[in-house]
Amino acid sequence: MRILLLSDIHANLEALEACLAAAPAHDAVANLGDVVGYGASPNEVIDRSRELGKVFVRGNHDKAATGLLDLEDFNPLAATSAMWTREQLSSEHHEWLRELPHGPVPLENVPQAQLVHGSPADEDAYVVSIGDALVPLLAVSTPLTFFGHTHLQGGFFANGSSADGFRPEYRTVGQAESVSLQLKPNTRYMINPGSVGQPRDGDWRAAFALFDTDAQIVHFHRTPYNLKSAQERILSANLPPRLATRLAAGR
Ligand code: ZN
């Protein structure tokens, strides 16, 4: 089975379409949350995401846009975009977004894997370093956790002899590329497919991953997208200009 992993789309329709066009053949799609927030196409991205499948975990921006999270916990940029998103959402989309489940969500037919937005114990926690990852890696009984929230593609592993973080290494800055990770037996992993709509690892290209359950390989992908169009939508929606410029920097 081949599962397409999408996370942190953040209402960036252009980036989502580019990922879907670049994605190899797959049997299912799993969405790790933050469907909306920051970007200027929340309704369009929800429609498209719902067409792709039914496996979702909610993100903090999905909660903020539907009143489930206090905006005082957000920085001004995030709070402004959450308020804007709230005004834009159709009532049906608002209701759908509000009903999304919190993690961990099991992956159907793949008992070894689970889905979370932040970390298994706390959906809003940022797992950035091996120090953050070690406790959840060792605490959960599921060997493989897919997560999002940090917008950093890569992940962490732990086994009997070592524990560390990893990032896919790409050769170009503007082309479609992929890097594969062969999962090892007796090793626990937390893996982040990266952010579709607002990468923060210095690489502007949209990020996603594909998990091949038979081969036990995670393929990390980056793909260029129509950045200018996504930026123009943000500017013409009168969202903070920084939300447009940061996309070009991948920060
Ligand atoms: Zn996010």
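Annotations
- In the stretch 214-234, residue surrounded by the most Cβ atoms within 10 Å (Cβ to Cβ) [restricted to those that are in a helix (DSSP H, G or I) and free of Cβ contacts under 8 Å to residues at least 40 places away in the same chain]: Q231
- Number of residues in the stretch 145-173 that are open to solvent by 70 Å² or more (accessible area, probe 1.4 Å) and outside any strand (DSSP E or B) equals 6.
- Exactly one residue out of A176, A237 is within 21 Å of A22 (Cβ to Cβ), of a type in the set (A, V, I, L, M, F, W, C) and surrounded by fewer than 24 Cβ atoms within 10 Å (Cβ to Cβ), and it is A176.
- Residue that is within 15 Å of the ligand (Cβ to nearest atom), under 18 Å from the mean Cα position of the chain (by Cα) and surrounded by fewer than 19 Cβ atoms within 10 Å (Cβ to Cβ), where the choices are A78, A82, A11, A64: A78
- Which listed residue, of A21, A78, is aliphatic (A, V, I, L, M), touching a His at 6+ places or on another chain (Cβ under 8 Å) and at negative phi: A78
- Qualifying residue in the stretch 28-40 (condition: away from the ligand (no atom under 16 Å from the Cβ), part of a helix (DSSP H, G or I) and open to solvent by 10 Å² or more (accessible area, probe 1.4 Å)): no
- Scanning the stretch 215-251 for residues that are of a type in the set (K, R) and under 17 Å from P42 (Cβ atoms) yields one hit, R233.
- The residues of the stretch 109-118 that are touching a strand residue (DSSP E or B) at 6+ places or on another chain (Cβ under 8 Å) and outside any strand (DSSP E or B) amount to a single one, V116.
A quick yes/no check of all residues on (1) of a type in the set (S, T, Y); (2) within 16 Å of the ligand (Cβ to nearest atom):
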| position | (1), (2) |
| --- | --- |
| E108 | no, no |
| L115 | no, yes |
| S119 | yes, yes |
| D124 | no, yes |
| G131 | no, no |
| S141 | yes, no |
| L144 | no, no |
| F156 | no, no |
| A176 | no, no |
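- Boolean, P106 is closer than 29 Å to L137 by Cβ, open to solvent by 70 Å² or more (accessible area, probe 1.4 Å) and out of contact with any Gly (no Cβ under 9 Å at 6 or more places or on another chain): yes
- From the list E44, E72, E17, the lone residue that is without any contact (Cβ under 8 Å) to a residue 12 or more places away in the chain and surrounded by fewer than 24 Cβ atoms within 10 Å (Cβ to Cβ) is E72.
The values are calculated or read from the model by the stated rules, or taken from the named source; none is laboratory data. Note that the structure is predicted; figures quoted are calculated from it, not measured. Backbone-built Cβ (ideal geometry, glycine too); neighbour counts: all protein chains shown. Side chains are part of the model used for accessible areas, which takes the heavy atoms of the whole protein and leaves out ligands, DNA and RNA. Shrake-Rupley method; radii C 1.70, N 1.55, O 1.52, S 1.80 Å.
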